[in-house]
1. Just checking: which of the helices (runs of 4 or more DSSP H) contained wholly in the stretch 60-150 hold 1 or more residues that are without any contact (Cβ under 8 Å) to a residue 60 or more places away in the chain, on the phi > 0 side of the Ramachandran plot and surrounded by 24 or more Cβ atoms within 10 Å (Cβ to Cβ)?
2. Out of GLY76, GLY3, GLY66, report the one residue that is more than 19 Å from the chain's Cα centre (by Cα) and small (Gly, Ala, Ser).
3. Any residue in the stretch 1-25 that's surrounded by fewer than 11 Cβ atoms within 10 Å (Cβ to Cβ): show its pairings with residues that are not β-branched (Val, Ile, Thr) at Cβ separation under 9 Å, as long as the two are six or more apart or on different chains.
4. If a residue has to be of a type in the set (Ser, Thr, Tyr) and over 22 Å from LEU27 (Cβ atoms) to count, how many in the stretch 192-239 make the cut?
5. Given the stretch 194-297, what helices (runs of 4 or more DSSP H) lie entirely inside it while holding 2 or more residues that are surrounded by 15 or more Cβ atoms within 10 Å (Cβ to Cβ) and modelled with pLDDT of 85 or more?
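The values are calculated or read from the model by the stated rules, or taken from the named source; none is laboratory data. On a predicted model such as this, the values are computed, not experimentally measured, just so you know. Cβ placement follows ideal geometry from the backbone for every residue including glycine, while neighbour counts extend to all protein chains displayed.
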Amino acid sequence: MFGLFKNRNFIFLASIVFGLALPQGALWSKHLMLPALALVMTLAMTGVPNDFFRSWRAVMMPSIVGIVMSYLVLGGLILALAALFINDENIWIGFALIAAVPPAVAVIPFTAILKGDVSYTLAGTISAYLAALVVMPLMFFFFIGTEFTRKGKLVEIMLLLIVLPLVASRIIVYFNLQNKIASFRGVITDWGFFIVLYTMIGLNRDLIFAQPLMILPVALIIFAAIFVLGFLIEKAGLLLKTNKSRITSLVLLGTLKNQGISGGLAITLFAQETALPSAIYTIFMIFYFMWLDLRRRRKK
């Protein structure tokens, strides 16, 4: 039983089950979303050494690729499909938020588990987070509209979820504390994601059951953005004779968004149904990683 509480797949699946079966707690847990995300982001960034970007030539190409895969390829596809098939304004905003945020923090540990190129993924992820400080306000302006009046709150959330974790992680690394927290970092990260996913699903539980037809186009868009796009990236990499470990990194950078940040922005700044795409995206992301891991084990 204790082992289950440390199992990532069990924790993620439990968040979905509890969100659908016992959604009442989401009204309380929504106040914990942003602090939980800030903690998760801080712990994730402790894996980045302070001298990582000193060799700028080594990280330039993967940094550019990370930005292109997350914002142009994945973000562009999400916006294009949402523009074609989504009519509800709140759901459209939810997709725009997903397109605007950087890659999921999980792409780095997922890369390690799937035997990808961790250094390549790390450079691409960190550069995408730094780029988010510019990309996110621009995406808000162009795709959500100038009528958005809570720009100060957006800046506050960006400082909380990107700048503060980056600074806090540098302090942890500077005092060489990352090894002391390594033994429980993964468990805290997984349960932080539990709070985020449970809250997004719990707040939208009634909408999911009351309007299943609204879920269908959302699910199809996300399926295309994760499973179909991941398949195409992998095939393109094989055609170009790219190293297999590098292909794994490209697939993860090009399919997984930080749905936690997009869900936090949605619940904090907009109507609660705006978080629905982020909640559905998280569910598909979990099953996608489980499928990739299962396929790797079978091949092995």
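1. Values: elements: 75-85, 89-100, 107-113, 118-139.
The helices (runs of 4 or more DSSP H) meeting that bar number zero.
2. Result of the check over GLY76, GLY3, GLY66: GLY3.
3. Close Cβ pairs satisfying both conditions: GLY3/PHE10; LEU4/PHE10; LEU4/ALA14; ALA21/ARG205; GLN24/GLY202.
4. Residues in the stretch 192-239 being of a type in the set (Ser, Thr, Tyr) and over 22 Å from LEU27 (Cβ atoms): 0 in total.
5. Correct list: 212-223, 229-239, 244-253, 259-269.
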